[in-house]
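Asks: Sharing a structure below in structure tokens format, with a few things to ask.
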Amino acid sequence: MTNARRAAALAAIGQMPSPLGHFVNGRSLLGAGEGFAVTEPASGEIIGTVCDATEAELGTAVAAAKAAFPKWAATSGDKRKAVLHKIADIIEARAEEIAAVECLDAGQCWRFMSKAAIRGAENFRFFADRAPMANDGQTLPTPDHLNYTTRAPIGPVAVITPWNTPFMLSTWKIAPALAAGCTVVHKPAEWAPYSARLLVEIAQAAGLPDGVFNSVNGLGETTGKRLTEHPDIKAVAFVGESKTGSAIMRQGADTLKRVHFELGGKNPVIVFDDADFERALDAAIFMIYSLNGERCTSSSRVLVQASIHDRFVERLAARARNLKVGDPFDPATEVGPLIHPRHCSKVLGYMDIARADGAAIAVGGEAMAGKGYFVQPTLFTGASQSMRIAKEEIFGPVLTVIPFTDEADAIAKANDVVYGLAAYLWTGDVGRALRVSDALEAGMVWVNSENVRHLPTPFGGTKASGIGRDGGDWSFDFYMETKNVALARGGHKIQRLGA
Ligand code: NAD
């Protein structure tokens, strides 16, 4: 079965043009730019070549999005809703194929990707249902004027996404943009570009008009940069590293781009001694070792109250040792390979950093023998919050445990990072949960829970973890301009200058 899934993924890629170019204005555009190889993380084998968009190709994609914008923006919300639901239908029908492609080029495990594809469909359904209300505003009357607001789509937007869960993350951005009435130029990550091609073809098959959704492949420093600098792109929705976010902000400065950034994290899980020990353990393990640790909201630091520290560490270590690492297509696999040799070296570099800083490697710490970019699930103990392994985003199956004494110490340690994306808090004391949640510098706090996404709620980070929020109406606020109309009742006094 696992071989059959891999074969299905290879067949899906095999049906795409080779080298893979772009998808612009409703049709495949063969790339004329330089090709780059895409490798399968589990084997290290090259599975295809993809073209970096030339400046002219990028220009064609933006021009298509610009030309399609007025008509799509004027399309009724009900019509947009219908097309977006159709996209969701096709995603559901092809969920296995999408999941297989994610396993192949992103190295993510089947057990998680099969659900991620379905979540991609849910993202489309959620925003489809809200499309008819996207333009709605508020009424803000005064005795002299009736003020009312309306919203209109901002224009063609760029969506730039990373490789960690490429399909799901793309839908999360593209669905609200299309529901709002924007047109899109999507640039997927160069290390895992194939599911993006499936998505744009699915959208086309669902009846999305030509040019509304375009996809260009390429490298960040060339295609990504040009896209963010293009004067006809009105906003950039970006998911990726914090330093890339800074670069995009600089690149977009001259054309005053609106930006929405979902960036890195070094998210704490705070476990108090009055917590449900077993559930906290399950959640901490799940949030760092699932998705190969390549997850922005991963629980990469566990802060454990000193009184239960040793017992918790012992149980964490036993679980980490027992994780099933291997073939991402095998449904039993819990941890797959890292995306790329470069990322693998970065993650392995933290083993030396941990030793040099004086932490202990209780579990793992090595690359795994054999082909592919596998790293042993790793647990750092004896760490302190001042160490680099406690402050920097590693983005691999690597967990750092740090003890704390009391509430104040836990809060100080949790906040002592440049990031502020998610925080997880485990306690049986409701008052403490409220106090600590208030004090945590994070865009999202989960109390007695792992990351459970509810689409109407805001998703996003503070500090170096991002700007803006996704979800619910927050997404529409980003992809739309708000206009206020003040309508005089006719009786207010107007100053009569020069009368
Ligand atoms: P990355 O920043 O290297 O790349 C992301 C995308 O940006 C890619 O498509 C890349 O080609 C493009 N890019 C790179 N340089 C660019 C430039 N100068 N201009 C325009 N585009 C450019 O990130 P990555 O390594 O692909 O992904 C991992 C990172 O993503 C981690 O830091 C992770 O925390 C973050 N992430 C955040 C969230 C969130 O919701 N906060 C979700 C997933 C991943």
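Asks: Is one or more of the residues making up region 436-451 outside the structural domain of F112 (by TED's automatic domain parsing), assigned to a helix (DSSP H, G or I) and open to solvent by 60 Å² or more (accessible area, probe 1.4 Å)?
Replies: Yes, some residue in region 436-451 is outside the structural domain of F112 (by TED's automatic domain parsing), assigned to a helix (DSSP H, G or I) and open to solvent by 60 Å² or more (accessible area, probe 1.4 Å).
Asks: Taking region 48-96, which residues are touching a strand residue (DSSP E or B) at 6+ places or on another chain (Cβ under 6 Å), buried (at least 18 other Cβ atoms within 10 Å of the Cβ) and closer than 30 Å to R5 by Cβ?
Replies: Residues satisfying the conditions are G48, V50, C51.
Asks: Here's a check for you: in region 215-230, which residue that is touching a helix residue (DSSP H, G or I) at 6+ places or on another chain (Cβ under 6 Å) and open to solvent by 50 Å² or more (accessible area, probe 1.4 Å) is nearest to the ligand (Cβ to nearest atom)?
Replies: Out of the qualifying residues, it is K225.
Asks: Oh, and also: For the list (1) touching a residue at least 12 places away in the same chain (Cβ under 8 Å); (2) open to solvent by 50 Å² or more (accessible area, probe 1.4 Å); (3) outside the structural domain of T165 (by TED's automatic domain parsing), I need the number of the one condition that E241 fails.
Replies: It is condition (3) that E241 fails.
Asks: Touching a strand residue (DSSP E or B) at 6+ places or on another chain (Cβ under 8 Å), without any contact (Cβ under 8 Å) to a residue 60 or more places away in the chain and either open to solvent by 10 Å² or more (accessible area, probe 1.4 Å) or of a type in the set (A, V, I, L, M, F, W, C) (or both): is that true of C344 in this structure?
Replies: Values: touching a strand residue (DSSP E or B) at 6+ places or on another chain (Cβ under 8 Å): yes; without any contact (Cβ under 8 Å) to a residue 60 or more places away in the chain: yes; either open to solvent by 10 Å² or more (accessible area, probe 1.4 Å) or of a type in the set (A, V, I, L, M, F, W, C) (or both): yes.
Here the answer is yes, as C344 does meet what is asked.
Asks: Any residue in region 463-475 that is open to solvent by 60 Å² or more (accessible area, probe 1.4 Å), touching a His at 6+ places or on another chain (Cβ under 8 Å) and either more than 24 Å from I233 (Cα to Cα) or in a strand (DSSP E or B) (or both)?
Replies: yes
Asks: Residues to consider are A189, A180; find the one that is near the ligand (Cβ under 9 Å from one of its atoms), touching a helix residue (DSSP H, G or I) at 6+ places or on another chain (Cβ under 7 Å) and farther than 19 Å from R119 by Cα.
Replies: A189
Yes/no per residue for (1) within 10 Å of the ligand (Cβ to nearest atom); (2) under 23 Å from M113 (Cβ atoms); (3) under 15 Å from the mean Cα position of the chain (by Cα); (4) at pLDDT below 95:
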{"position": "K234", "(1), (2), (3), (4)": "no, no, no, no"}
{"position": "Q251", "(1), (2), (3), (4)": "yes, no, no, no"}
{"position": "L256", "(1), (2), (3), (4)": "no, no, no, no"}
{"position": "L281", "(1), (2), (3), (4)": "no, no, no, no"}
{"position": "Y289", "(1), (2), (3), (4)": "no, yes, no, no"}
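Asks: What pairs come up if the first residue lies in region 291-308 and is away from the ligand (no atom under 13 Å from the Cβ), the second is basic (K, R), and their beta carbons are under 6 Å apart, counting only those six or more places apart or on different chains?
Replies: L303/K413
The values are calculated or read from the model by the stated rules, or taken from the named source; none is laboratory data. Keep in mind the model is a prediction, meaning the values are calculated, not measured. When we count neighbours, we look across all protein chains shown, and the Cβ atoms used for this are built from the backbone with ideal geometry, even at glycine. These area figures cover heavy atoms from the full protein model, side chains too; ligands, DNA and RNA do not enter into them. Shrake-Rupley method; radii C 1.70, N 1.55, O 1.52, S 1.80 Å.
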